[in-house]
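Comments concern the structure below.
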Amino acid sequence: MSTPTPHIAAKAGEFAKTVLMPGDPLRAKFVADHYLEDAVLVNSVRGINGYTGKYKGKPVSVMASGMGMPSIGIYSYELFHFYDVDNIIRIGTAGSLREDLKIRDVAFAMGACTNSNYAAQFELPGTFAPIASYDLLKKAIEVTEKMGIPYKAGNFLSTDTFYDASKGTMKWAAMGVLCVEMEAAALYMNAARAGKNALAICTISDSLVTGEETTAKERENSFHNMMKIALEIA
Ligand code: HPA
């Protein structure tokens, strides 16, 4: 397929090699407005804002993924395959499944379990284990430690349902899973299939253990650490 695609209006070459992906289009605008120099809007189809600018002189793009695996599945596929993007770094929020992972903490998804059927399309004779790019994860941990930001790295759960009728989400905690979100597994599978790199970094926005939640304002502030980490490795 050529560019533009059905979902992205940008022309070939308008995205940098690294794209940061928050779920929320307004968050993409926030990153472009506050962190990028010379940011240019390259997409706004369906309100999915995408910008390309520079961070410390290096070209970097930021575009929203929307919510859930079908949505990030579409955008990451098109970025990897039609816009020649090499690295996608998700910067999102997640719900903690553990006592020792608190609101506003930063977590890296080494792997992403899922209850989604996304992997079925690859017709593999077994279960695929979606994992982060080792290079991106290593770099992210290096810069995070240098900045003195506390973090955890481990397994995530990418779920298809925010409101889960089975109430099964906490069962993943018994397997050492850190937190729940809705995108990392599909992003990692698309990166694997495309031979590209992906990493999901999340700020904990709520806790399924304590029931605590962050306000929109608190989420905005705690996002800074995660964004700085992502921009440094972009
Ligand atoms: N569940 C799923 N996705 C999420 C959550 C959650 O509790 N918090 C942030 N993203």
Starting from residues that are more than 10 Å from the ligand (Cβ to nearest atom) and farther than 17 Å from Gly23 by Cα, keep the ones in segment 201-214 and report whichever is surrounded by the most Cβ atoms within 10 Å (Cβ to Cβ). Val209
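How many residues does segment 172-186 contain that are in a helix (DSSP H, G or I) and more than 14 Å from the ligand (Cβ to nearest atom)? Reasoning before the result, please.
At the first step, the residues of segment 172-186 found to be in a helix (DSSP H, G or I) are 172-175, 184-186.
Narrowing further to those that are more than 14 Å from the ligand (Cβ to nearest atom): 174-175.
Looking only at that region, the number is 2.
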Does segment 42-61 contain any residue that is surrounded by 23 or more Cβ atoms within 10 Å (Cβ to Cβ), touching a Cys at 6+ places or on another chain (Cβ under 8 Å) and touching a residue at least 40 places away in the same chain (Cβ under 8 Å)? no
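Specify which of the listed residues (Ala140, Ala165) is outside any loop (DSSP other than H, G, I, E, B) and out of contact with any His (no Cβ under 9 Å at 6 or more places or on another chain). Lay out the reasoning, then the answer.
Working: Ala165 fails: outside any loop (DSSP other than H, G, I, E, B).
Criteria check complete, one pass: Ala140.
When you look at Tyr83, is it out of contact with any Cys (no Cβ under 8 Å at 6 or more places or on another chain) and open to solvent by 20 Å² or more (accessible area, probe 1.4 Å), yes or no?
On the way: out of contact with any Cys (no Cβ under 8 Å at 6 or more places or on another chain): yes; open to solvent by 20 Å² or more (accessible area, probe 1.4 Å): no.
No, not satisfied.
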Does Glu99 satisfy the condition of being in a helix (DSSP H, G or I) and either out of contact with any strand residue (DSSP E or B) (no Cβ under 6 Å at 6 or more places or on another chain) or open to solvent by 10 Å² or more (accessible area, probe 1.4 Å) (or both)? no
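Conditions (1) in contact (Cβ under 8 Å) with a residue 60 or more places away in the chain; (2) closer than 18 Å to Ile204 by Cα, marked per residue:
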site: Thr127; (1), (2): no, no
site: Ala132; (1), (2): yes, no
site: Glu142; (1), (2): no, no
site: Gly148; (1), (2): no, yes
site: Asp164; (1), (2): no, no
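The values are calculated or read from the model by the stated rules, or taken from the named source; none is laboratory data. Because the structure is a prediction, the values reported are computed rather than measured. Note: ideal-geometry Cβ built from the backbone for every residue, glycine included; neighbour counts use all protein chains shown. In case anyone asks, the SASA skips ligands and DNA or RNA and just uses the protein heavy atoms, side chains included. Shrake-Rupley method; radii C 1.70, N 1.55, O 1.52, S 1.80 Å.
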